[in-house]
1. Filter the stretch 234-267 for residues that are in a loop (DSSP other than H, G, I, E, B) and closer than 13 Å to Pro212 by Cβ and give the result.
2. In the stretch 193-232, which residue that is among the β-branched types (Val, Ile, Thr) and either touching a residue at least 60 places away in the same chain (Cβ under 8 Å) or crowded, with 21+ Cβ neighbours inside 10 Å (or both) is nearest to Ala265 (Cα to Cα)?
3. Any residue at all in the stretch 172-195 that's touching a helix residue (DSSP H, G or I) at 6+ places or on another chain (Cβ under 7 Å), farther than 24 Å from Ala144 by Cα and among the polar types (S, T, N, Q)?
4. Quick check on this structure: which one of Ala146, Ala153, Ala129 is over 30 Å from Lys33 (Cα atoms), in contact (Cβ under 8 Å) with a residue 40 or more places away in the chain and aliphatic (A, V, I, L, M)?
5. Checking Lys270 against (1) modelled with pLDDT of 85 or more; (2) charged (D, E, K, R); (3) surrounded by 14 or more Cβ atoms within 10 Å (Cβ to Cβ), which single condition isn't satisfied?
6. Looking at Ala285, Ala278, Ala248, which one is crowded, with 17+ Cβ neighbours inside 10 Å and among the aliphatic types (A, V, I, L, M)?
7. Can you find a residue in the stretch 154-171 that is of a type outside the set (Gly, Ala, Ser) and in contact with a Lys or Arg (Cβ under 7 Å, 6 or more places away or on another chain)?
8. Scanning the stretch 10-60 for residues that are under 19 Å from Pro76 (Cα atoms) and either at pLDDT below 90 or part of a loop (DSSP other than H, G, I, E, B) (or both), which turns out nearest to the chain's Cα centre (by Cα)?
Amino acid sequence: MAKGFRAIPILGLAVSLVLLSGCGDSNLKKARKFQEQKDYAQAIQYYKQALEKNPDNQSARYGLIETYALQLVSRPPQEVTPQLVEEAMVELRPIAQPLMTDPNVKRYMSLIYQMLAKRYAETGRDDKAAEAWTVVTEMEPSFAEAHYNLGIALSKTGRYEEAISRFEKAISLNPYFVKGYYAIGNALLHLNRNEEAVKQYLKALELNPEDPSTHHNLGVAYSRTGDNKKAVEEYKKTLEIEPNYYLAYRSLRDAYNEMNETKKAKEADKKYKEMSEALMQAQRAAAQQQAQGQTPPDVAKK
């Protein structure tokens with residue numbers, strides 16, 4: 001299951017739900033049988049027939065909601081396209097609407113919207129991802145990760161002020177949500193509110209002092225406030241934690257140039273170029289191996 005999804009006990013829940021009513025309906029019996037056999041398309045058809053026969057059959061509604069969710073999460077992630085999820089939601093929304101006060105139904109619907117949001121994000125449609133995450137936060141307002149993911153989607157569309165409010169909401173729900181502080185710092189950097197960004201990165205480091213990205217971005221924030229000495233300290237700390245964090249050498253180069261330390265700037269620039277070239281070669285080799293159907297070695301992402 002993708003990161004950011006709230007765990008939902010899908011399997012087994014239907015047993016308690018679909019037995020609420022309509023036990024004598026043969027369509028329900030057939031639907032449950034096909035669902036157990038993981039033939040979700042057939043199960044959906046029989047649940048629909050049960051609901052057409054009796055629109056008040058809550059068991060059919062519960063069964064349909066769960067089976068749609070099972071059908072989606074059982075497929076390989078690459079097959080779960082935004083279009084596929086949207087098509088399922090067209091049918092699911094009116095079915096689920098009468099049951100939205102039920103927390104289990106909300107969680108099923110939330111799960112599907114989370115899948116939709118992730119697929120949109122993976123295809124670069126961050127505006128649509130933000131819309132889907134908004135629905136998730138409305139369904140599950142205490143779900144800190146959903147507020148955070150909504151903030152990320154908003155950030156990617158340039159809506160940094162709105163993103164900050166979402167990150168703050170995530171932190172209010174979970175004061176130890178370290179990613180939230182880091183994300184606020186990044187958004188503040190984009191808004192050129194550098195002194196505020198410093199404070200957020202320091203809060204993140206209180207919770208996770210060994211995160212190289214936070215040290216690096218704190219260095220950037222210090223540099224923008226004119227404190228290149230502190231910036232250099234953070235870049236060095238970044239490299240102590242993660243020696244392959246090659247971007248820290250570029251940042252060191254820039255900071256040393258600002259401090260008129262030409263020799264150190266040249267040394268940092270040389271190291272940056274060497275590591276950049278090594279990374280590019282590793283990425284090309286990995287891409288070639290992948291194209292040949294081989295398992296590529298790990299490639300540094302920094």
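1. Step one: list which residues in the stretch 234-267 are in a loop (DSSP other than H, G, I, E, B), which gives 242-246, 259-261.
The answer is Glu242, Pro243, Asn244, Tyr245, Tyr246.
2. Kept after step one, since they are among the β-branched types (Val, Ile, Thr), are these residues of the stretch 193-232: 198, 214, 220, 225, 232.
Still in the running and either touching a residue at least 60 places away in the same chain (Cβ under 8 Å) or crowded, with 21+ Cβ neighbours inside 10 Å (or both): 198, 214, 220, 232.
Details: Val198: 24, Thr214: 22, Val220: 16, Val232: 11 Å.
The qualifying residue nearest to Ala265 (Cα to Cα) is Val232.
3. Step one: list which residues in the stretch 172-195 are touching a helix residue (DSSP H, G or I) at 6+ places or on another chain (Cβ under 7 Å), which gives 173-174, 176-191, 194.
Of the ones still in play, those that are also farther than 24 Å from Ala144 by Cα are 194.
When the remaining residues are screened for being among the polar types (S, T, N, Q), the result is 194.
Checking the stretch 172-195: at least one residue is touching a helix residue (DSSP H, G or I) at 6+ places or on another chain (Cβ under 7 Å), farther than 24 Å from Ala144 by Cα and among the polar types (S, T, N, Q).
4. Values: Ala153 fails: in contact (Cβ under 8 Å) with a residue 40 or more places away in the chain; Ala129 fails: in contact (Cβ under 8 Å) with a residue 40 or more places away in the chain.
Only one candidate passes the filter, namely Ala146.
5. Tallying (1) modelled with pLDDT of 85 or more; (2) charged (D, E, K, R); (3) surrounded by 14 or more Cβ atoms within 10 Å (Cβ to Cβ), Lys270 fails exactly one: (3).
6. Values: Ala285 fails: crowded, with 17+ Cβ neighbours inside 10 Å; Ala278 fails: crowded, with 17+ Cβ neighbours inside 10 Å.
Of the residues listed, the single one that is crowded, with 17+ Cβ neighbours inside 10 Å and among the aliphatic types (A, V, I, L, M) is Ala248.
7. Narrowing the stretch 154-171 to residues of a type outside the set (Gly, Ala, Ser): 154, 156-157, 159-162, 164, 166-169, 171.
Next, from what is left, pick out any that are in contact with a Lys or Arg (Cβ under 7 Å, 6 or more places away or on another chain): 154.
Yes, because at least one residue in the stretch 154-171 is of a type outside the set (Gly, Ala, Ser) and in contact with a Lys or Arg (Cβ under 7 Å, 6 or more places away or on another chain).
8. Ile10
The values are calculated or read from the model by the stated rules, or taken from the named source; none is laboratory data. Note that the structure is a prediction, hence the values are computed from the model and not measured. Heads up, the Cβs are rebuilt from the backbone with ideal geometry, glycines too, and the neighbour counts pull from every protein chain shown.
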